[in-house]
1. Set the Förster distance to 25 Å, then compute FRET efficiency between Arg247 and Asn202 from the Cβ-Cβ distance, nearest 0.05.
2. List the residues, sorted by chain then number, that are 5 or more residues from Glu74 or on another chain and whose placed amide H is less than 5 Å from its amide H.
3. Give the angle, between 0 and 90 degrees and rounded to the nearest 10, that separates the Cα long axis of helix 14-26 from the longest principal axis of the Cα atoms of the chain.
4. Sort the following peptides by mean Cβ neighbour count (other Cβ atoms within 10 Å, averaged over residues), highest first: 27-34, 269-276, 57-64, 166-173.
5. Contact order normalised by length for region 184-309, with contacts defined as Cα pairs under 8 Å and 6 or more residues apart; what percent is it?
6. Quick one: Karplus J couplings for region 324-331, per residue in order, coefficients 6.51, -1.76, 1.60, θ = phi - 60°, nearest Hz, x for Gly and Pro?
7. Looking at the chain, what % of its DSSP beta bridges pair antiparallel, to the nearest 5?
8. By how many nm would the segment from Asp121 to Asn34 lengthen if fully extended, with 0.36 nm per residue of separation less the alpha-carbon distance?
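Please treat every number below as a calculation from the coordinates, not as lab data. No experiment lies behind these values; they were computed from the predicted model shown. No Cβ is skipped: glycine too gets one built from the backbone with ideal geometry, and neighbour counts run over all protein chains shown.
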Amino acid sequence: MSAEGVTIRSISDPGQKERIAREILEALPDWFENVEAREGYIRDSREWVFFAAEDGGKAVGFLCLKETGKPTVELAVMGIRMAYHRKGIGSALFAAAKAYAVSAGYEFLQVKTVRMGMYEDYDRTNRFYLSLGFRELEVIPEVWGEENPCQIYVMHLRDAVSLTDLILKRRSYRGKFRPDPVPREDLQKILEAGLAAPSGCNKQTVSLIAVDDPAVLGQIRSAIDPPAAETAPAMVCVLSQRICAYRDRCFATQDYAAAIENMLLAAEALGYRSCWYEGHITDTDRICDRIAEILDVPEGYDLVCILPVGIGEGEPGVPKKKPFEERAWFNGFRKGTEGWE
Ligand SMILES: Cc1cc2nc3c(=O)[nH]c(=O)nc-3n(C[C@H](O)[C@H](O)[C@H](O)COP(=O)(O)O)c2cc1C
């Protein structure tokens, strides 16, 4: 993501976060003159989700998110060097943070600032938040004292992503994962999404094994050569049974394809990244059979695919897709779409 050549990057190293926060906040005395508060932000930024705006490798702004409740995340602090104001960098930082908050499954985003009408600089901040779509929740004078009445703004995030947006946004992720474990509730939801998929004649030919035990993951990892999904903190292994639906018709492949897509979307909706690894493990070297052995999978079940699950450290690549009108039409082959008639 970029605004006027500025790149937005997510930062994970606590030391780097602290350095950037210090550099930027110390350069913004009009907003961060209270040393105690400023040092608090700098220290706490080490633990927060952190996005930096960089121009030629130099940090020119940053934004931090902190969880304030299970469904709620707060835009805890943001700062942009004065020379970079009014260039769309705040909006670009915010867009990256909002995308993260949505994909991490948060429902609300809140931000606090000094109420409109008190100071010119803060009035600009208020107008900026309103322009992003924040709504006034409440003013609480006690938070920072009568002279700095605290305006709380809130934004509902669930409206921000529809199922169609999620489908369009999903991408295969092959990068590094953060080590955070995936809670069992989330793994269970992903498995349930897989099992909820349609199946030919309702034969339910798909079975699933979620793996989150580091020892078992380690065994699986050592079976995958060349390596893939090495850093994933969890994995779903997809098993398929060749059960005939009727006569000699077997829909097992279609069944597991539907289950896999459901799980990829469920993982994405819960804020995780994944990738459909099938070609890699079902080739002539039959990595899939070795994984099946590790998991004590009995005869009659084929292990057909693995799906790593975890929070991505980076962003997925963007594959080149053929244009819409080359693959989809209205009312006949190559009809009804601009460019073909
Ligand atoms: C049947 C099937 C097998 C796949 N096998 C692999 C694989 O072994 N390794 C891999 O990196 N991606 C694999 N993928 C993911 C595709 O490469 C990916 O979906 C495609 O490049 C489009 O990218 P997107 O998922 O980001 O839209 C597989 C996808 C499908 C549907």
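1. In this case the efficiency is close to 0.95.
2. Hits under the 5 Å cutoff: Lys66, Glu67, Thr68, Gln110.
3. Helix 14-26 sits at roughly 30 degrees to that axis.
4. 269-276, 57-64, 166-173, 27-34
5. That works out to 33 percent.
6. Each residue of region 324-331 in turn: 3, 6, 8, 10, 9, 9, 10, 6 Hz.
7. Working: 52 of 55 bridges.
Looking only at bridges with both residues in the chain, the antiparallel portion is about 95 percent.
8. Numbers: separation 87, 0.36 × 87 = 31.32 nm, distance 1.52 nm.
Gain on extension, Asp121 to Asn34, equals 29.8 nm.
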